[in-house]
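In what follows, a structure is listed as structure tokens, so that the remarks can point back to it.
The values are calculated or read from the model by the stated rules, or taken from the named source; none is laboratory data. On a predicted model such as this, the values are computed, not experimentally measured, just so you know. A quick note on method: Cβ atoms are made from the backbone with ideal geometry, for glycine too, and the neighbour counts reach across all protein chains shown. Quick note on the areas: whole protein, heavy atoms, side chains included, nothing else; ligands and nucleic acids left out. Shrake-Rupley method; radii C 1.70, N 1.55, O 1.52, S 1.80 Å.
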Amino acid sequence: MSRRVALSVAAGVVVLGGAGAFALAYAGEQPPVLAHSTARYTAPAAHRAGSLAFTTDVTASSGVSSVKVLAWPAHSAFAKKPLTAKDMAEVEAAVCESAGKETVRCAYTARFTDADASSSPRGAWHVAVLATAQDGTTTLDTKAAGFTVR
């Protein structure tokens, strides 16, 4: 093999190796992905409390560190000034269980009394979700699911 061919082959190996390393590094830094998010609101009635039940699947190649959930009325301050990850830092966490190699299924439930329901704004509500992966990447979906308070 001539020296010129050998150098070309060596340069190709270096380029392909570098591209492969970049692809692996990029794949490892993908933010969490939310899927199948649903919310179900049940108003309080008679002698029974109402509830909000929210579920979502979260996938992250590095694993899921935390999932925070916040229900908010569509006609609130958050409609004008969108929620941020900082806003979500102190909200309640969902409970997550393994649902596959890199996926967890998370559930959040809140109970409501008649007093809670009567003081809540009527109409459309959204559920915001902040998912944080083990590698520190985050995904914020401010309208992951919705429900209506009547």
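The residues listed here are Arg105, Arg111; of these, the one that is in a strand (DSSP E or B), loosely packed, with under 13 Cβ neighbours inside 10 Å and in contact with a Ser or Thr (Cβ under 7 Å, 6 or more places away or on another chain) is Arg111.
Quick grid of which residues meet (1) of a type in the set (Val, Ile, Thr); (2) within 21 Å of Arg111 (Cα to Cα); (3) at pLDDT 95 or above; (4) touching a helix residue (DSSP H, G or I) at 6+ places or on another chain (Cβ under 8 Å):
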{"position": "Thr55", "(1), (2), (3), (4)": "yes, yes, yes, no"}
{"position": "Val58", "(1), (2), (3), (4)": "yes, no, yes, no"}
{"position": "Ser61", "(1), (2), (3), (4)": "no, no, yes, yes"}
{"position": "Ser65", "(1), (2), (3), (4)": "no, no, yes, no"}
{"position": "Ala71", "(1), (2), (3), (4)": "no, yes, yes, no"}
{"position": "Ala74", "(1), (2), (3), (4)": "no, yes, yes, no"}
{"position": "Ala85", "(1), (2), (3), (4)": "no, no, yes, no"}
{"position": "Ala89", "(1), (2), (3), (4)": "no, no, no, no"}
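Among the residues of the range 114-146 satisfying the criterion of being closer than 16 Å to Leu52 by Cβ and assigned to a loop (DSSP other than H, G, I, E, B), which is least open to solvent (accessible area, probe 1.4 Å)? Only one residue tops the list, namely Ser120. Residue count for the range 64-93, restricted to those that are exposed (fewer than 14 other Cβ atoms within 10 Å of the Cβ), of a type in the set (Gly, Ala, Ser) and either under 16 Å from the mean Cα position of the chain (by Cα) or in a strand (DSSP E or B) (or both): 3.
Among the residues making up the range 38-50, those that are over 12 Å from Val149 (Cβ atoms) and either more than 18 Å from the chain's Cα centre (by Cα) or assigned to a helix (DSSP H, G or I) (or both) are Ala45, Ala46, His47, Arg48, Ala49. Can you tell me which residue in the range 91-150 is nearest to Pro44 (Cα to Cα), limited to those that are among the hydroxyl-bearing types (Ser, Thr, Tyr) and free of Cβ contacts under 8 Å to residues at least 60 places away in the same chain? The selected residue is Ser118.
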